[in-house]
Amino acid sequence: MEIGKYADGNWIGARFLRIEPRGFTLNQFSFFRRVIAMSYSFVVIELHVLIRRVAIDYVRFGYYRYAMREIPAGKDPLHVDAKLIETYDITQCRMTRTRRKRQGLANVVFVRQGHRFILLATEGKHPAFDRICWRDIRIAPIHFAGYSIGMKGGVPCVQVARRTWKPIERYLFAIAHRPKSEVEAAMNNLRFYSFPGVIRQKLKLVKTMNRMRRKSHRPRVELHLRLERKAD
């Protein structure tokens, strides 16, 4: 990974790279530079990258416990990154994570977009866990920016959150008997990333609408999936 880029390829402000060691001990300076390098792996710009990172890179590998936080305005997110990395001893070393798992200790990671971040942890003990109230994604899905990240059948599942999806369903059911072109335009204008769970939601919606249209002898409507959008 190039220095100066986030994990998804976007450049960050150069001010984070121009750090002078004045006022720091050598160990403090080395730690801060290491934090900056690690932050590129945990900070994302695009929403779909955050969702993929959480669902595919972490939840799929046992990071079931989570907590969501928002960084107050005016507080430097990079300093929060450093605090998280230090407090939870976050590491990118696979051997270290494997050793901790064998010892019954938890591994912790986080993913941040702007001033919001999701902290995730595996099963196990950790001295800093008493400071935070954790939720289990297998019981209570993550709700982030209109999406729901949970588990179904033992695998991660990304869907449009219920509170976002239900109003859409009600609106489309209300116009289900209108001309085919109008209904299809409304359906195909739903701008959601094409994760498998989202596609299933759309297909179920179309199936129900076609059942309604069949009763009134109207032609079937077709769903044009936006396969060019990134999906897990």
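Figures for the structure shown
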quantity: Within the stretch 157-213, tally of residues that are among the hydroxyl-bearing types (Ser, Thr, Tyr) and either part of a helix (DSSP H, G or I) or at positive phi (or both); calculated: 4
quantity: Answer from 174, 231, 161 - the residue that is modelled with pLDDT of 95 or more, touching a Phe, Trp or Tyr at 6+ places or on another chain (Cβ under 7 Å) and not basic (Lys, Arg); calculated: 161
quantity: Residue 137 being of a type in the set (Val, Ile, Thr), touching a Gly at 6+ places or on another chain (Cβ under 7 Å) and on the phi < 0 side of the Ramachandran plot; calculated: yes
quantity: Enumeration of residues in the stretch 179-203 that are farther than 21 Å from residue 161 by Cβ and surrounded by 14 or more Cβ atoms within 10 Å (Cβ to Cβ); calculated: 183, 184
quantity: Criterion violated by residue 206 - all others in (1) surrounded by fewer than 13 Cβ atoms within 10 Å (Cβ to Cβ); (2) touching a helix residue (DSSP H, G or I) at 6+ places or on another chain (Cβ under 8 Å) satisfied; calculated: (1)
quantity: Qualifying residue in the stretch 151-163 (condition: more than 30 Å from residue 88 (Cα to Cα), among the hydrophobic types (A, V, I, L, M, F, W, C) and in contact (Cβ under 8 Å) with a residue 40 or more places away in the chain); calculated: yes
quantity: Residue in the stretch 212-228 that is modelled with the lowest pLDDT, counting only those that are exposed (fewer than 12 other Cβ atoms within 10 Å of the Cβ) and under 13 Å from residue 194 (Cα atoms); calculated: 228
quantity: The stretch 207-232 residues that are among the aromatic types (Phe, Trp, Tyr), paired with ones that are at pLDDT 95 or above and assigned to a loop (DSSP other than H, G, I, E, B) (beta carbon under 9 Å, 6 or more apart); calculated: none
quantity: Flag for residue 203 being hydrophobic (A, V, I, L, M, F, W, C) and out of contact with any strand residue (DSSP E or B) (no Cβ under 9 Å at 6 or more places or on another chain); calculated: yes
quantity: Check on residue 140, touching a Ser or Thr at 6+ places or on another chain (Cβ under 9 Å) and of a type in the set (A, V, I, L, M, F, W, C); calculated: no
quantity: Residue in the stretch 197-217 that is among the polar types (S, T, N, Q) and closer than 30 Å to residue 112 by Cβ present; calculated: yes
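The values are calculated or read from the model by the stated rules, or taken from the named source; none is laboratory data. Note that this is a predicted model, so its numbers are computed, not measured. Note that we place each Cβ from the backbone using ideal geometry, even for glycine, and neighbour counts take in every protein chain shown.
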